[in-house]
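The values are calculated or read from the model by the stated rules, or taken from the named source; none is laboratory data. Note that the coordinates shown come from a computational prediction; the quantities given were computed from them, not determined experimentally. Because the Cβ atoms are built from the backbone with ideal geometry, glycine has one as well, and the counts that use them run over all protein chains shown.
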Amino acid sequence: MQSVSLHFDQEEDYRAREAFKTLRSNIEFCGEEIRVIAITSCTPNEGKSSIAMEVARAFSEAGNRTLLIDADMRKSVLMGRYKTGAVKLGLTHSLIGRADYKEIICSTNLSRLYMIFSGPVPPNPSELLGGDKFIALLKTLKEVFDYIIVDTPPLGSVIDAAVTAKSCDGTVLVVESNAVSYKFAQRVKEQLDKTGCRILGTVLNKVDMSSKGYYGHYGKYYGKYYGKYYGKYGKEKTRA
């Protein structure tokens, strides 16, 4: 098994950590059969890879043996952002038959959290993710892990997320606050509906907690209440 160390740049933030715990709990309440969860978004840069990582982290911290799969094979964010260590084999190698599933799994410095990185960019990502080998791989991994989080490409850009979601138990859609129109988000939802995969819900990401209105009031109140215990907070936080 390969091994990597994960490094997180963001400072520990009470509200963000609580939001991810709530998201984890909400997924658990969807039913014990929901164990393979795809994370997607409408467009690039909405923060879906960060959400996928934090959700996987939250499940592992709750005592679950958790695997995060980087299925964004065209433009991986996880590979360059979090890992430190040599990763020679990834998801691509397994799907083209050049590596066993045990060879592509990476243990991490976080207890009970494991990862599979995307590997080299293939010429046919959609075909690989929609093929029988990916379905068989997920079936095998479900026997080893309690939860599997799959980071997929933005559904508004390529079809990869739709074909990946088809093999998952449920999908979470990440939407950046004030960045995506309602109509566009609806079109993305309709694409997911066509796959037959259950949509578990939506994460509103990058909410400006300092702005006026409900969110601003909420952020200001809890910022003051928890501030002396948990330190200062940044302006952009995640709401689940």
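Brief remarks follow.
- Filter result for E28 (of a type in the set (D, E) and farther than 23 Å from L192 by Cβ): no
- Residues (touching a strand residue (DSSP E or B) at 6+ places or on another chain (Cβ under 7 Å) and either hydroxyl-bearing (S, T, Y) or farther than 19 Å from A52 by Cα (or both)) located in region 112-162: Y114, S118, Y147, T152
- Residue in region 88-95 that is buried (at least 18 other Cβ atoms within 10 Å of the Cβ) and in contact with a Lys or Arg (Cβ under 6 Å, 6 or more places away or on another chain) present: yes
- Elements of type helices (runs of 4 or more DSSP H) contained in region 38-109, each with 3 or more residues being touching a helix residue (DSSP H, G or I) at 6+ places or on another chain (Cβ under 9 Å) and without any contact (Cβ under 8 Å) to a residue 60 or more places away in the chain: 48-61, 91-95
- Among the candidates S25, S60, residue that is of a type in the set (G, A, S) and buried (at least 17 other Cβ atoms within 10 Å of the Cβ): S60
- Filter result for Y147 (surrounded by 19 or more Cβ atoms within 10 Å (Cβ to Cβ), modelled with pLDDT of 95 or more, out of contact with any Pro (no Cβ under 9 Å at 6 or more places or on another chain) and closer than 30 Å to A179 by Cβ): yes
- Residue list for region 185-200, filter: of a type outside the set (D, E, K, R) and surrounded by 14 or more Cβ atoms within 10 Å (Cβ to Cβ): A185, V188, Q191, L192, T195, C197, I199, L200
- Residue tally, condition under 22 Å from P125 (Cα atoms), among the β-branched types (V, I, T) and buried (at least 17 other Cβ atoms within 10 Å of the Cβ), over region 153-184: 6
This table checks each residue for (1) within 23 Å of H93 (Cβ to Cβ); (2) among the aliphatic types (A, V, I, L, M).
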{"position": "I37", "(1), (2)": "no, yes"}
{"position": "C42", "(1), (2)": "no, no"}
{"position": "S50", "(1), (2)": "no, no"}
{"position": "A56", "(1), (2)": "yes, yes"}
{"position": "F59", "(1), (2)": "no, no"}
{"position": "T66", "(1), (2)": "yes, no"}
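- Consider region 21-68 and keep the residues that are closer than 22 Å to R81 by Cα and among the hydroxyl-bearing types (S, T, Y). The one that is modelled with the lowest pLDDT is T43.
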